[in-house]
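Asker: Quick one: the structure is below, and I'll ask about it shortly.
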Amino acid sequence: MTTSVSSTEFRAGSSETAGLPCDLVKILLVEDENDIAEFVRNGLEENGYSVDHCDNGNDGLEKALSGGYDAILLDIMLPGRDGLSILKLLRQRKHIVPVIVLSARGEVEERVEGLKLGADDYLPKPFYVAELLARLESVVRRSGGQGLSRLKAADLEVDLIEHRVWRNGEEVFVSPREYQLLAFLMRQKGRVLSRTQILEQVWEYQFDPGTNLVDACVRRLRKKVDDERENALIETVRGVGYRFRADKE
């Protein structure tokens, strides 16, 4: 499917939306039209969002099921699995991540079907980035509220707006990179993360087997948030990587 896209329509107002604490808010964009995906991704990243993009339904479903996203922007007409079937499967498996359906087909019946399947909003193409940002802000706020600006686990708390960390009510002072690492681990809590995954997400590097960046940063972070505590939250999984324990109280 090919949709005529105006750069003015997709870019207009891209820097005008304010008020959403979108630092580290992670969006999955499932869109097969490269020009649309590029405009949307640029508009979101200019406003502080982190965006993962895939261009087919099979990869989109795999990423969506993996979790870790604050919202999903989901095209309907995709190579492989279509968007509505992805949405249906997500809801059947009790994934409550907000989903905004994007489609060039704006018929009432299709919008109703998407909403009945569990979409949080429906945005017909073409659209303005300003409108997308406003709708995205709305659905993410409705789904998370305070959780959008704070991450909590046991007695550890991270403020995503001010980049501050507390353990048992006492502030822990971390470097910007340590903060990014901690926020990433907490967002993926319970999942074993390889050094490659951490390096690509936190440093945006491709894996270099000769680097010890991840291990060194984890050591520093542990010393600050876990040192001499019985309920250590950052766990080493030998031969694989690291995991933020989801069940520590």
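Asker: For residues that are under 26 Å from Y128 (Cβ atoms), of a type outside the set (S, T, N, Q) and open to solvent by 40 Å² or more (accessible area, probe 1.4 Å), scanning just the stretch 49-61, find the one that is farthest from the chain's Cα centre (by Cα).
Answerer: Per the criteria, the residue is D55.
Asker: R91 fails exactly one of the following numbered conditions: (1) under 27 Å from D35 (Cβ atoms); (2) in contact with a Gly (Cβ under 6 Å, 6 or more places away or on another chain). What is the number of that condition?
Answerer: The one condition R91 does not meet is (1).
Asker: If I filter the stretch 204-220 down to residues being within 22 Å of G68 (Cα to Cα) and modelled with pLDDT under 80, which single residue comes out as farthest from the chain's Cα centre (by Cα)?
Answerer: Within the stretch 204-220, the match that is farthest from the chain's Cα centre (by Cα) is F207.
Asker: Still on this structure: Please go through (1) under 27 Å from Q197 (Cα atoms); (2) more than 13 Å from the chain's Cα centre (by Cα) for A64 and return the number of the only condition it doesn't satisfy.
Answerer: Among (1) under 27 Å from Q197 (Cα atoms); (2) more than 13 Å from the chain's Cα centre (by Cα), A64 violates only (2).
Asker: Follow-up. Out of the stretch 191-203, which residues are under 19 Å from D70 (Cβ atoms), open to solvent by 40 Å² or more (accessible area, probe 1.4 Å) and either touching a Gly at 6+ places or on another chain (Cβ under 8 Å) or in contact (Cβ under 8 Å) with a residue 24 or more places away in the chain (or both)?
Answerer: Hits for the stretch 191-203 are R191, Q197.
Asker: Among the residues of the stretch 38-47, what is the count of those that are open to solvent by less than 60 Å² (accessible area, probe 1.4 Å) and closer than 19 Å to V97 by Cβ?
Answerer: Final tally of qualifying residues: 2.
Asker: Scanning for something within 23 Å of F184 (Cβ to Cβ), in contact with a strand residue (DSSP E or B) (Cβ under 9 Å, 6 or more places away or on another chain) and free of Cβ contacts under 8 Å to residues at least 60 places away in the same chain, does the stretch 110-133 turn up at least one residue?
Answerer: no
Asker: Go through the stretch 64-90 and give me each residue that's closer than 19 Å to R191 by Cα, surrounded by fewer than 17 Cβ atoms within 10 Å (Cβ to Cβ) and not hydrophobic (A, V, I, L, M, F, W, C).
Answerer: S66, G67, G68
Asker: Also, quick follow-up: Assuming V165 fulfils every condition listed in (1) open to solvent by 10 Å² or more (accessible area, probe 1.4 Å); (2) at pLDDT 90 or above apart from one, which condition is it?
Answerer: Of the numbered conditions (1) open to solvent by 10 Å² or more (accessible area, probe 1.4 Å); (2) at pLDDT 90 or above, the odd one out for V165 is (1).
Asker: Among the residues of the stretch 91-132, which ones are among the hydroxyl-bearing types (S, T, Y) and open to solvent by less than 60 Å² (accessible area, probe 1.4 Å)?
Answerer: S103, Y122
Asker: Same structure, new question: Which ones in the stretch 163-183 are outside any loop (DSSP other than H, G, I, E, B) and of a type outside the set (D, E)?
Answerer: R164, V165, W166, R167, V172, P176, R177, Y179, Q180, L181, L182, A183 - these are the residues of the stretch 163-183 that are outside any loop (DSSP other than H, G, I, E, B) and of a type outside the set (D, E).
The values are calculated or read from the model by the stated rules, or taken from the named source; none is laboratory data. What you see is a predicted model, and the numbers here were worked out from it, not measured in a lab. As a convention, Cβ positions derive from the backbone with ideal geometry for all residues, glycine included, and neighbour counts pool all protein chains shown. In case anyone asks, the SASA skips ligands and DNA or RNA and just uses the protein heavy atoms, side chains included. Shrake-Rupley method; radii C 1.70, N 1.55, O 1.52, S 1.80 Å.
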